[in-house]
Structure formats: structure tokens, C-alpha cells
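Colleague: First the structure, which I've put down as C-alpha cells, then a few questions once you've had a look.
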Amino acid sequence: MDRIKITGGARLQGSIPISGAKNAALPLMIASLLTDDRLTLKNVPNLADVNLLARILRNHGVDLAVDGKRAGGTAHLGETFHLTARDISDTTAPYELVSRMRASFWVLGPLVARMGQAKVSLPGGCAIGTRPVDLHLQGLKKLGAEIEIDAGYVIARAPKGLTGGHVIFPMVSVGATHNVLLAATLAKGETVIENAAREPEIGDVANCLVKMGAEIDGIGTSTLRVQGKSRLEGAVHAVLPDRIETGTFAFAVAATGGDVVLQGTRRDLLSTALETLALTGASVTDTEDGLRIVRNGAGLAPVSVETQPFPGFPTDLQAQLMALMARAEGSSVIRETIFENRFMHVQELARLGADIKLHGDTATIHGVKALRGAPVMATDLRASVSLVIAGLMAEGETTINRVYHLDRGFERLEEKLSRCGAQIERLSAG
Ligand code: UD1
């Protein structure tokens, strides 16, 4: 298994191209199941999760062709995927594939909407709490799907097609919103989704669905109104920039007292996180092609946050903020309200000398004068990148084991950081 070695203390300086958002690319790829025409997606990041979903879609019969980057092209414009689901040959998504990535469960809605049936394994993914799928199933039932659970699989049937319905989610779920929105585009009549997630990736998917001929009102709000169509068409769509990658690098720059332009990204995708970062003493300014993050000399001020659905502070940046706060001049409090078991990075950060106390869903971080490098273990996607941030701040050498977690969601992380002066390298296992 690969490891990452970091020698801390270097100041990040230069520019980092921001990739397309993993959390938008995945549901956009899944949207290809809704039409027999070609869906072209630009700016797709090259990530393990994207490649795994490509395998799952191929298994359903989706034809996928990939154009690489053009010579001399802009560094942050990723790959172009052409997806054509002309004939869906298999409506089963097997355990071996779905158990490795939770988002693959989202094929359920589109498959039952288009094919009248689907059999999808209950999901796996990052081990951050129980993460049930009850909201997905409740929503699809409202659209007329008959749902049965058998031997670890969800079997959904709608032999005469789905019909529009009124879905009121009792809590905000990104995945359930995607699943029901995708399905509703092919349901007969109107679907109203209330308390929908408002994450920018949902808006990106909705905008792509509109290009495919769907009729959706309320994009960007918590009430989505969908007029179902009997068929959707092909479209060309560029994946929006990754706000979690943006936030992660922004925090890394602040952590090292650096000065970096994050290219190809936008402030509105993560205003709350950037406001939080500004409170620590870093400056965030808009540039022609992105955002410039600077922290000069001054110490890090402690900030306290609680994670919330968008537009609140994202749970996917919680671990990274905690790494930063480990060196703050004072104490900060971080409350995790989205996932119940998302503190696995705490004990690893402690190995580097961080002083963090956990009480239920709340972590109190007492800033220390210095972190010291040590071997640590990546436990999930976002936790592992918080260890990278901590390693960049720490004195001496940090080795991160199990970096396959990082490869699921961060494209060319070592390369992007080392170009800005970080001393970071991948030690290949084989
Ligand atoms: C998505 C993101 C993930 C992010 C999360 C929250 C992708 C690929 N993943 O995950 O990076 O951390 O949103 O912003 O976009 N829940 C239920 N029942 C359900 C569904 C969810 O109780 O049927 C709960 C979950 O356990 C969790 C909360 O709702 O406590 C939010 O989960 P959800 O928004 O669904 O997260 P994901 O879509 O899995």
C-alpha cells in the first residue's frame, strides 16, 4: 500500500489548479442512465471514485469514452467523458462494486425510472457513522416505486413507470435529493421535493438535467419542482469546481503561512468556510481566475463552528479545520452535526501532538505551539487530508499510511502541493 511522506515547515507559494468536483461528477455520470443519447461531461477529475463508478455504469451497459487533456490546455480542465446508455443491459448494481462507494447507490432512482426495475446493493463507502438509505427509499416510494429489501439488496419496481409525488424530507440529505431528483425527471406528472439539499453539486446536476430536457424549478433552493418528461436527450456539461478541494488547499495555505492562488474556483461555492478561514487571520481575495489565500506571519486565531448542510460550514471540511486549529493561539470548539462518527482523525492528530478533547459530537481543540511529525493512519477520505495539513505544519517527518483513501477524492494531491514548495512525496508499495 502506498504511503505519503511529508517533511513539514515549508511555506506554500504559487498556484494550484482546482479540479472538477467529485461530488458533482458522480451524480452527473449517473444522470447518463436517464437517456439513450450521449451525455458529454467536461472537467471530470481523475479519481478512484470516478473510475469505480465508471466500472459500475459499464456493468449496466453504459458506453464510456474518455478524451484526455489537450496539449497546452488549461491545467485544471480535467478529462472529458462521453457516456451513452443506449441499451441498459443489466439493472443490477452488485455488492462487490456498490459496497466500495456509497454514491453508487444513486443509480437506483434513474434505473427504476427508465427501466421500471432496479436491484442495487445496500451501500458502503467511508466508515463515518451508520449512513442509512431510508430517505432515498421513502422518496422513491412517493414516486410510486415498490421497494423490497432482500439479502442485502434493494429491489425497486415500477412496471408502469414512476408517477410524480410530493416528497418532504424530514432531514437534509444530499444523496436522497440526488436520487429522487434524477428519478423525478422521468416520472409522469409533477414532483415536488421539499427540504431538498442545496449543495452546489445538486444545482450543477439540476442544470445539466435541464440541458437534457428536464423541467426543474427552484434550482438552488430547498424546494425543487420537477415536471416529468417521457424522455431526456443528450447534452454537454462541464463539472463545477470542487469546493472541498478548494477549502482543503485554502486551509493548507493558511496552515503554512503561505500565499497561493487557487485557480478555476469560486468564492460562492464555499462562502461560510472562507469566512471562517478569514476569522483565523488569513486573507481571501478574488482574482481573475480564482481565489488568492494569504497568511503572513501572524498567529492563527481560534474559531468555533458547527457543521451544517449548505450554505453552512461543510462536514467535509471539518477535519481540515481541526488540523488548522491544532496550532491556533487559543481554544476552539467544533461540533459535528451531520455524521455521528466523523472524528476518527482526532486520535491521529493527537499522535502529532494536537491537544483535542472529545465529548459526544463536540471537539475542543487547545492550540499547541508546535506539532511533531509521526507515522499516522488515514481512516477516511477527509480525515486523511487533515493529516496532510497537520504534516505540513509539523516539525520533522510525517508518514501517512493507507493513502488509498486520499486517492478516492483528491486528484494529484502530492503534485499540486509539491509544486507550491511542500516537501511531500508518495512512497509506492510495489
Ligand atoms: C454527501 C457527500 C459527502 C458529504 C455529505 C454531507 C457525495 C458523493 N457525498 O454524502 O461528501 O459528507 O453529503 O454533506 O456527494 N441520512 C439518513 N438517511 C438517508 C440518507 C442520509 O439518515 O436515507 C443521514 C446520514 O446518515 C447523515 C445525513 O443524513 O447523517 C447526511 O447524509 P447525506 O447528505 O445523505 O450524505 P451523502 O449523500 O451520503
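The values are calculated or read from the model by the stated rules, or taken from the named source; none is laboratory data. Please read these numbers as outputs of a predicted model, since none were measured by experiment. As a convention, Cβ positions derive from the backbone with ideal geometry for all residues, glycine included, and neighbour counts pool all protein chains shown. SASA here: full protein model, heavy atoms, side chains in, ligands and nucleic acids out. Shrake-Rupley method; radii C 1.70, N 1.55, O 1.52, S 1.80 Å.
Colleague: Given a 1.4 angstrom probe, I'd like the percentage of the accessible area of the chain that is carbon and sulfur, rounded to a whole number.
Modeller: Details: 7700 of 16370 Å².
Reported share for carbon and sulfur atoms: 47 percent.
Colleague: A follow-up question, please. Kindly identify the chain as rounded, prolate or oblate by the Cα gyration tensor criterion: order the square roots of the eigenvalues as a ≥ b ≥ c, call it rounded if a/c is under 1.5, otherwise compare a/b with b/c, prolate if a/b is larger, else oblate.
Modeller: prolate
Colleague: Right, something else. Ordering SER271, SER304 from largest to smallest accessible area (1.4 angstrom probe), what's the sequence?
Modeller: So the residues, ranked largest to smallest area, are SER304, SER271.
Colleague: Next question, about the same structure. In what sequence, largest accessible area first, do ASP217, ASP407 appear using a 1.4 Å probe?
Modeller: Sorted descending by solvent-accessible area, the residues read ASP217, ASP407.
Colleague: Heavy atoms of the protein only, probe of 1.4 Å, neighbouring chains included. What is the accessible area of TYR95 in Å², nearest 10?
Modeller: Using a 1.4 Å probe on the heavy atoms, I get roughly 130 Å².
Colleague: Tally Lys/Arg at +1 and Asp/Glu at -1 over every other residue whose Cβ is under 11 Å from the Cβ of THR185; what's the total? Before the final figure, lay out each step's value.
Modeller: Values: positive: ARG114, LYS229, ARG231; negative: GLU215.
Charge balance near THR185 sits at +2.
Colleague: Next question, about the same structure. Please report the net charge: other residues with Cβ closer than 10 Å to the Cβ of GLY20, K and R +1, D and E -1.
Modeller: -3
Colleague: If one takes the longest principal axis of the Cα atoms in the chain, at what angle in degrees, from 0 to 90 and to the nearest 10, does the Cα axis of helix 22-31 lie?
Modeller: 10 degrees
Colleague: As a test of the formula, what do you get for the chain when each DSSP H run with n ≥ 4 contributes -39,500 (n - 2.57) and the sum is divided by the residue count, at 222 nm and rounded to the nearest 500 deg cm²/dmol?
Modeller: When only DSSP H runs of four or more count, the value is -8500 deg cm²/dmol.
Colleague: Shifting gears a bit: Roughly speaking, what is the centre-to-centre gap between the range 193-235 and the range 362-427 when only Cα atoms are used, to the nearest Å?
Modeller: 37 Å
Colleague: Still on this structure, please answer the following. Toward the positive end of the charge dipole of the range 22-229, about the Cα centre and with charges on Cβ (Lys, Arg +1; Asp, Glu -1), which of GLY78, GLN117, ILE202 goes farthest?
Modeller: GLY78
Colleague: Then there's this: To the nearest 10 degrees, how steeply does helix 48-60 sit against the main Cα axis of the chain, on a 0 to 90 scale?
Modeller: Taking the Cα atoms of the chain, the angle to 48-60 is about 10 degrees.
Colleague: List every residue whose amide H lies under 5 Å from the amide H of ARG38, counting only residues 5 or more places away in sequence or on a different chain, with H placed 1.01 Å from N in the peptide plane.
Modeller: GLY234
Colleague: Any idea how far apart HIS166 and HIS82 come out in nm if each label point goes 7 Å out from Cα toward Cβ?
Modeller: Result for the modelled spin labels: 4.5 nm.
Colleague: May I pose another question? Taking a probe of 1.4 angstrom, what is the accessible area of GLU306 in Å², to the nearest 10?
Modeller: Near enough 80 Å² of accessible area.
Colleague: Give me the net charge of LEU34's neighbourhood, meaning all other residues with Cβ under 13 Å from the Cβ of LEU34; Lys, Arg count +1, Asp, Glu -1.
Modeller: +3
Colleague: Which whole-number value in Å² is the accessible area per residue of the chain, probe 1.4 Å?
Modeller: Ligands and nucleic acids excluded, the result is 38 Å² per residue.
Colleague: Distance in nm between label sites at TYR404 and ARG267, each 7 Å beyond Cα in the beta-carbon direction?
Modeller: 4.1 nm
Colleague: Mean separation of Cα pairs under 8 Å and 6+ residues apart, divided by the residue count of the chain: what relative contact order is that in percent?
Modeller: Computed over the chain, the figure is 21 percent.
Colleague: May I ask for the distance between the Cα centers of the range 142-156 and the range 1-69, given as a whole number of Å?
Modeller: Between the Cα centre of the range 142-156 and that of the range 1-69, the gap is 29 Å.
Colleague: Apply 1/(1 + (r/R0)^6) to the Cβ-Cβ distance of ASP90 and LYS188, taking R0 = 30 Å, and write down the FRET efficiency to the nearest 0.05.
Modeller: For R0 = 30 Å, the calculated efficiency reads 0.75.
Colleague: Between ASP289 and ASN51, 0.36 nm times their residue separation minus their Cα-Cα distance comes to what?
Modeller: Contour length minus the Cα-Cα distance gives 82.9 nm.
Colleague: Taking LYS5 as the anchor, which lysines have their alpha carbon closer than 29 Å to its alpha carbon, excluding any fewer than eight residues away along the same chain?
Modeller: Qualifying lysines at Cα under 29 Å: LYS22, LYS69, LYS357, LYS369, LYS416.
Colleague: Please list, by residue number, everything in the range 351-370 whose backbone N is under 17 Å from a paramagnetic label point 7 Å out along Cα→Cβ of GLU329.
Modeller: Of the residues in the range 351-370, 366-370 have backbone N under 17 Å from the label point off GLU329.
Colleague: So if we plug the beta-carbon distance of SER304 and ALA350 into 1/(1 + (r/R0)^6) with R0 = 30 Å, what FRET efficiency do we get, rounded to 0.05?
Modeller: After rounding to 0.05, the efficiency reads 0.95.
Colleague: Relative contact order for the range 22-229 using alpha-carbon pairs under 8 Å, separation at least 6, rounded to a whole percent?
Modeller: RCO, the range 22-229: 17 percent.
Colleague: Next up: Mind giving me the FRET efficiency for GLU425 and ASN296? R0 is 25 Å, r the Cβ-Cβ distance, nearest 0.05 is fine. All intermediate terms of the calculation are to be shown ahead of the outcome.
Modeller: Working: r = 27 Å, r/R0 = 1.10.
The calculated FRET efficiency here is 0.35.
Colleague: Among VAL305, PRO17, ALA374, whose Cα lies farthest out toward the positive end of the dipole of the chain, if unit charges sit on the beta carbon of Lys, Arg (+1) and Asp, Glu (-1)?
Modeller: With unit charges placed on the Cβ atoms, the residue in question is ALA374.
Colleague: Given H placed on each backbone N at 1.01 Å, which residues far from GLN423 in sequence or on other chains put an amide H within less than 5 Å of it?
Modeller: It is THR7, ALA10, by chain and number.
Colleague: On to the next question. Accessible surface of LYS229 in the full protein assembly, 1.4 angstrom probe, to the nearest 10 Å²?
Modeller: Accessible surface of LYS229 is approximately 70 Å².
Colleague: While we're on this one: Can you tell me the orientation of helix 174-184 relative to the chain, as the angle in degrees between its alpha-carbon axis and the longest Cα principal axis, to the nearest 10?
Modeller: Approximately 20 degrees, to the nearest 10.
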